[in-house]
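One structure is given here, and the rest of the page talks about it.
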Amino acid sequence: MKVSTQPAREWAEFDDPDDRGRVWQVDVTFLTSGYHCIWGAGCKGILTEDAEELAQGCCSFGAHFCGPADDGGEDLRRVEKAAARLTPEIWQHIDVAARKGFVASKGNETKTRVVAGACIFLNRPGFEGGSGCALHRGAVIAGEEPMEWKPAVCWQVPIRATHGETVSRLAAWTRSDWGDAGDDFHWWCTEAPEAFGAAEPVYVSMAAEIRELLGSAELYDAVAAHCAARMRDRSHVPHPLER
C-alpha cells in the first residue's frame, strides 16, 4: 500500500486481490469525512437555481442506465424486475409507466423517463405513499438492499469509481465529473458544507456501496481498516469543508 498526501486530499493505493496488477487509488479524505445525503433536509437540487422546495435532489433529469442503448444491459433488467414489484401505494407514477413505459431512449442514451420535471420513479411531496424514490421505498418495505433495486448511478452517487488499464480510482463525484452539464448545477452536494457533518464517516455509512464498487470484500476491509486507523490517530487529512 502506498499513501500520498496533497494539500487538500490524502490518497492511498491498494492492490486488487482479485485482479493481479490492478491498483486502486482511494480518496481517504472523502471516505473519512462526515458527508451524507441531505435529500429532503436542505438539498437544493441540481437545477439552475435553488429548488429545495421541489425535493427532487439529483433526480431532476432521470437516471442513465449503464449498458448498450438497445437493451440497457443488466442495469436496466434489474430495475425492470424491481419496478414490477411496485404497487400504486408505493409508486406515484405507476399509471404513466403502464401506458408509456419507464424508459426513454434517444441515440445511445437510455434513461428513466422524466415526468412533470423529474424521474418517473420520484414520488413528489404530498404523495400518500411517501415522497422520494419509489424503488428505494419498495426495497426498504421488502427488507432488501435499495442498491439491488435502483439504477447503478443512483446508488453509486456521490461515490465514483473510474477504471484505467491498470489503475482504478475511488473518489467523490464532483461537479466537473458531469462535464459541461455540471456547470449548470446551482448546487452540488459534495461541494456544499451543509452536506458534511454526519456522525459516521463515509466508509462506514456507505460500506455496502463501496464494497460493491471495489468488487471485493477483502479489498473493502483493507480500505476500511486503513481509514479507521487514520481517524483513530487523527493523522488523516480532513476534508476541506470540515476544516
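Here, each number is a calculation from the coordinates, and none is a lab measurement. Remember, predicted model here, so these are calculated numbers, not experimental data.
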The orientation-averaged projected area of the Cα convex hull of region 1-131, in nm², is 12.0
Would you list the P(r) distribution for region 148-196, with all Cα-Cα distances sorted into 5 Å bins from 0 and each bin expressed as a whole %?
-> 5, 17, 22, 25, 19, 10, 3, 0
Mean projection of the alpha-carbon convex hull of region 59-156 over all orientations, in nm²?
-> 5.8
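Hey, what number do you get for the chain at 222 nm if only DSSP H runs of n ≥ 4 count, each worth -39500 (n - 2.57), divided across all residues, to the nearest 500? Don't skip to the answer; put the middle values down first.
Numbers: 8 runs with 64 residues, N = 243.
That calculation yields -7000 deg cm²/dmol at 222 nm.
How large is the convex hull of the Cα atoms of the chain per residue, expressed in Å³ as a whole number?
Considering the Cα atoms of the chain, their hull volume per residue is 144 Å³.
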Which ³J(HN,Hα) values, rounded to whole Hz and listed in residue order, are derived for region 44-57 from phi using the Karplus coefficients 6.51, -1.76 and 1.60 in 6.51 cos²θ - 1.76 cosθ + 1.60 with θ = phi - 60°, glycine and proline given as x?
-> 9, x, 10, 7, 7, 8, 4, 10, 4, 5, 7, 6, 8, x
